[in-house]
Amino acid sequence: MRSYWDEDLAILSAENVSFSIETAGLGSRFAALALDTFYQLLVWILLMLAAVGVERWAVPFSAMPKWMVSSLIALYSLITFALFFGYYFVFEWLWDGQTPGKRHFGLRVIQTGGLPLTALGSLSRNAVRIVDFLPFCYGFASIVLVSNPLSQRMGDLVAGTIVVRESKLQKERKPMTINEAVDAFLKAATTVPDSNTESKAFVEDEELRIENAKTVDPEAMGLAQKLSREDYELVRDFLVRRTALPVAAKDRLGKSLAARLAAKLGQEVPASQEAFLEEILLVLGRVYS
């Protein structure tokens, strides 16, 4: 029997590493929704009280020109829509998949592959919220959610997202910004391991693989004599993740890796860094994969 609060979900990453996350069920999601709705209604009531105050003590609606009344009605409709639908998009976008209600209950929206929620993903899932709300009080969303193995409502299915429950450790740990993640990646890429027994055994194993490759692929053997397995894995990880990175971060990483490898090969940094890295991955894959 399914739990209506949370369930475990195993995700297979691009590197074929499996990790488990806890999906949020109907109960925890409706608890977060109720809190978000309370905040929305509170803001809406305050805005209505402000409007009544302006109408009573400043300019009565009856004394306004028709065009001004029509403009105020249009503005009211826009604010109401933004409050009840834009609220979710803005918070999920700025708070990395969380709204105040989700944050209070330790929930977060992520992409189904385990990657952080994108702006397009948040926009897509919330654009369908009006359908999920039908016929009233998210009745359609409830039916879809409890019948879906990943506890997804219609908006999640359209956007390719899931809602997960964060562990206590995840909630206490401050997420890295994309620039901090890039800096950490580049620092790892330039770290030279200490010389010890384990690293010597690793080098001997690599030399054996390269020696075996001599009779199979001279091109790969020649490249592997200059570039290590760590170089190969850095290039592979970058190329696998590049589509999920912002353009600025992707360009920065690509240029740094291309410069590192070009220096090892005694070459000038090519104009097309990604094509250069793709070629290295293809050739080194015949030795290190």
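The values are calculated or read from the model by the stated rules, or taken from the named source; none is laboratory data. No experiment lies behind these values; they were computed from the predicted model shown. Here the Cβ is made from the backbone with ideal geometry for all residues, glycine too, and neighbour counts use every protein chain on show.
May I ask you to verify whether ALA263 is part of a helix (DSSP H, G or I) and not aromatic (Phe, Trp, Tyr)?
Numbers: part of a helix (DSSP H, G or I): yes; not aromatic (Phe, Trp, Tyr): yes.
For ALA263, the condition - part of a helix (DSSP H, G or I) and not aromatic (Phe, Trp, Tyr) - is met.
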query: Would a scan of region 238-250 turn up a residue that is touching a strand residue (DSSP E or B) at 6+ places or on another chain (Cβ under 9 Å) and among the small types (Gly, Ala, Ser)?
result: yes
- Item | Test: ALA119 is in the same structural domain as GLY27 (by TED's automatic domain parsing), among the aliphatic types (A, V, I, L, M), in contact (Cβ under 8 Å) with a residue 24 or more places away in the chain and surrounded by fewer than 13 Cβ atoms within 10 Å (Cβ to Cβ) | yes
Yes/no for GLY86 being in a loop (DSSP other than H, G, I, E, B) and over 23 Å from VAL54 (Cα atoms) = no
Expected single match for at pLDDT 85 or above, closer than 26 Å to ALA32 by Cα and surrounded by 11 or more Cβ atoms within 10 Å (Cβ to Cβ) among LEU83, LEU78, LEU46 is LEU78
Scanning region 243-265 for residues that are under 18 Å from VAL283 (Cβ atoms), touching a residue at least 12 places away in the same chain (Cβ under 8 Å) and surrounded by fewer than 16 Cβ atoms within 10 Å (Cβ to Cβ) gives LYS264, LEU265
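Of all residues in region 222-242 being of a type in the set (Asp, Glu) and surrounded by fewer than 19 Cβ atoms within 10 Å (Cβ to Cβ), which is nearest to GLY254 (Cα to Cα)?
First, pick out the residues of region 222-242 that are of a type in the set (Asp, Glu): 230-231, 233, 237.
If we keep only those that are surrounded by fewer than 19 Cβ atoms within 10 Å (Cβ to Cβ) too, we end up with 230, 233, 237.
Details: GLU230: 16, GLU233: 14, ASP237: 11 Å.
Only one residue tops the list, namely ASP237.
To keep it simple, each residue is scored yes or no on (1) in the same structural domain as LEU115 (by TED's automatic domain parsing); (2) modelled with pLDDT under 80; (3) not in a helix (DSSP H, G or I).
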| residue | (1), (2), (3) |
| --- | --- |
| GLU198 | no, yes, no |
| GLU206 | no, yes, no |
| ARG209 | no, yes, no |
| LYS226 | no, no, yes |
| ASP231 | no, no, no |
| ARG252 | no, no, no |
| ALA271 | no, no, yes |
| GLU274 | no, no, no |
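Please pick out the residue among ARG108, ARG103 that is assigned to a helix (DSSP H, G or I) and either in contact with a Phe, Trp or Tyr (Cβ under 6 Å, 6 or more places away or on another chain) or surrounded by 14 or more Cβ atoms within 10 Å (Cβ to Cβ) (or both). Break it down stepwise before answering.
On the way: ARG108 fails: assigned to a helix (DSSP H, G or I).
Selected residue: ARG103, the only one of ARG108, ARG103 that is assigned to a helix (DSSP H, G or I) and either in contact with a Phe, Trp or Tyr (Cβ under 6 Å, 6 or more places away or on another chain) or surrounded by 14 or more Cβ atoms within 10 Å (Cβ to Cβ) (or both).
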Restricting region 133-153 to residues that are out of contact with any strand residue (DSSP E or B) (no Cβ under 6 Å at 6 or more places or on another chain) and of a type in the set (A, V, I, L, M), the one farthest from PHE81 (Cα to Cα) turns out to be VAL146
